[in-house]
Amino acid sequence: MITRKCEMCGMEFQTASNRAKYCIYCRDKVQVQRNRAYAEKKKSGSVVKIGSEQVCPICGKTYTVTSGSQKYCTECTPKQKRKKAPPNTEYLKGHYDYIRVNVPKGEREKIKAYAESHGMSVNKLFLTALEEYKKNH
């Protein structure tokens, strides 16, 4: 459990989430405020409907809205969007060997479920099984 300070009232509270901002007393109040703000925005007409035609503020071309947060046409969308970092292959190559294991059809999911039920990855399960085998033979 993590101890946090409510951003609305300042009271300390315990939570399992690392994203919680509000105590249990303020959480509902904040949700009501969010809903009210959204209803007002929708009523004022500033909400853009998906599928509607909009004009790109950068190039002036019209485009069809495909997302509620879309602001630009696809050509003008900022190219520096965060992308998932590729795995550090140099580190992996320097520290690990790769072994491919073939298992009978349908066993893959059973092995994954077994490993997960014991709090292990499939790799850890195989390494543990290998150690047990070495110890007993």
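Numbers for the structure displayed
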read-out: Taking the C-alpha atoms of the stretch 35-137, convex hull volume expressed per residue in Å³; value: 258 Å³
read-out: Protein accessible area in the stretch 1-87, 1.4 Å probe - carbon and sulfur %; value: 52 percent
read-out: Separation in nanometres of the label points that stand 7 Å from Cα toward Cβ, at Ser67 and Tyr25; value: 3.9 nm
read-out: Pair-distance profile P(r), taking every C-alpha pair of the stretch 1-60, with 5 angstrom steps and integer %; value: 4, 16, 15, 14, 10, 11, 10, 10, 7, 3, 0
read-out: Max mean-square fluctuation residue, GNM over the chain, Cα-Cα springs under 10 Å, options Thr77, Thr62, Thr15; value: Thr15
read-out: Amide H partners (placed H, <5 Å) of Met11, local residues excluded; value: Cys6
read-out: Cross-link pairs beyond the 32 Å C-alpha cut-off, checked among Lys29/Lys61; Lys29/Lys71; Lys105/Lys134; Lys5/Lys41; Lys112/Lys135; Lys5/Lys49; value: Lys29/Lys61; Lys5/Lys49
read-out: The stretch 30-128: relative contact order as a whole-number percent, Cα under 8 Å and 6+ apart; value: 12 percent
read-out: Average accessible surface area per residue within the chain, 1.4 Å rolling probe, Å²; value: 92 Å²
read-out: Per-pair calculated FRET efficiency, R0 = 41 Å: Asn18 and Ser46 via Cβ, rounded to 0.05; value: 0.80
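The values are calculated or read from the model by the stated rules, or taken from the named source; none is laboratory data. If you're wondering where the values come from, they're calculated on a predicted model, not measured in any experiment. Backbone-built Cβ (ideal geometry, glycine too); neighbour counts: all protein chains shown. Only protein heavy atoms, including side chains, enter the accessible area calculation; ligands, DNA and RNA are left aside. Shrake-Rupley method; radii C 1.70, N 1.55, O 1.52, S 1.80 Å.
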